[in-house]
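Quick notes on the structure that follows.
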Amino acid sequence: MGTQLILEFYKQASKRVAGLGLICGTAGKPFETVMGIHLFKYVLPAFFNLVRTFNKPVEIVAKITSAFPGFVHAWRWLGLVAASGDVEAFQELYKEIGKIDFKSYFSTMLMLGKHDAWDILPNIKVPTIIFAGEKDFFTPLDVSERISELIPNCKLIKIPDSSHYAPLEYPDEFLDEIAIFIKRCLKKG
């Protein structure tokens, strides 16, 4: 979601942007790339519409599960989160999930599924860094590789053994690369 928002902002106000940091995301139509399974472009919108319609039971389940400390370990067991992740940081993230207005969230997700900014990638004129989790099933690595090939002056950072939550799983590597990138952007500005 964040990558698409960043690209849309660049599209609307490129003169106000000194550099782009894209983290574990796609340039558009994310339902077409989840887990590398094209069938999801049909299944996910139907599922999101269903959840949006019956949002109250989902909100109750989210509140209960997000308060359960073992939730992080369940996500690790399922392979959704790398073992290196900061358990405390993930627990804080999951507590916030319990506060989501799921009707609004899934409405946003449905709109996001239609958004497409792939066309602007070759026209990006600022330094760009892309972080990709090598085991990210929401945004598979090949999607980030494709984006990096289309953007001039782009650096792709592949974070080994990480998922869609790479910054929480490998914060030191992430912060080191961000610091270098920001210094580079400030020198050019």
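The values are calculated or read from the model by the stated rules, or taken from the named source; none is laboratory data. The structure displayed is predicted, hence computed values, not measured ones. Here Cβ is always computed from backbone atoms with ideal geometry, including for glycine, and neighbour counts include all displayed protein chains.
Restrict the check to region 14-31 and report whether at least one residue is without any contact (Cβ under 8 Å) to a residue 24 or more places away in the chain, assigned to a helix (DSSP H, G or I), of a type in the set (Ser, Thr, Tyr) and more than 20 Å from TYR165 (Cβ to Cβ). No, region 14-31 contains no residue that is without any contact (Cβ under 8 Å) to a residue 24 or more places away in the chain, assigned to a helix (DSSP H, G or I), of a type in the set (Ser, Thr, Tyr) and more than 20 Å from TYR165 (Cβ to Cβ). Taking region 149-189, which residues are without any contact (Cβ under 8 Å) to a residue 40 or more places away in the chain and closer than 13 Å to CYS24 by Cβ? Of everything in region 149-189, those that are without any contact (Cβ under 8 Å) to a residue 40 or more places away in the chain and closer than 13 Å to CYS24 by Cβ turn out to be LEU156, ILE157, LYS158, ILE159.
Per the listing PHE54, PHE48, the residue uniquely at pLDDT 85 or above and crowded, with 18+ Cβ neighbours inside 10 Å is PHE48. When GLY36 is tested against (1) out of contact with any Pro (no Cβ under 6 Å at 6 or more places or on another chain); (2) surrounded by fewer than 16 Cβ atoms within 10 Å (Cβ to Cβ); (3) small (Gly, Ala, Ser), exactly one condition is not met: (1).
Could you grab me the full set of residues in region 143-189 that are under 14 Å from the mean Cα position of the chain (by Cα) and either polar (S, T, N, Q) or exposed (fewer than 14 other Cβ atoms within 10 Å of the Cβ) (or both)? Residues satisfying the conditions are SER144, SER162, SER163.
Here is a check on your reading of the model: is LYS125 surrounded by fewer than 20 Cβ atoms within 10 Å (Cβ to Cβ), in a strand (DSSP E or B) and modelled with pLDDT of 95 or more?
No, not satisfied.
The single residue among PHE137, PHE90 that is closer than 24 Å to VAL61 by Cα, assigned to a helix (DSSP H, G or I) and modelled with pLDDT under 95 turns out to be PHE90.
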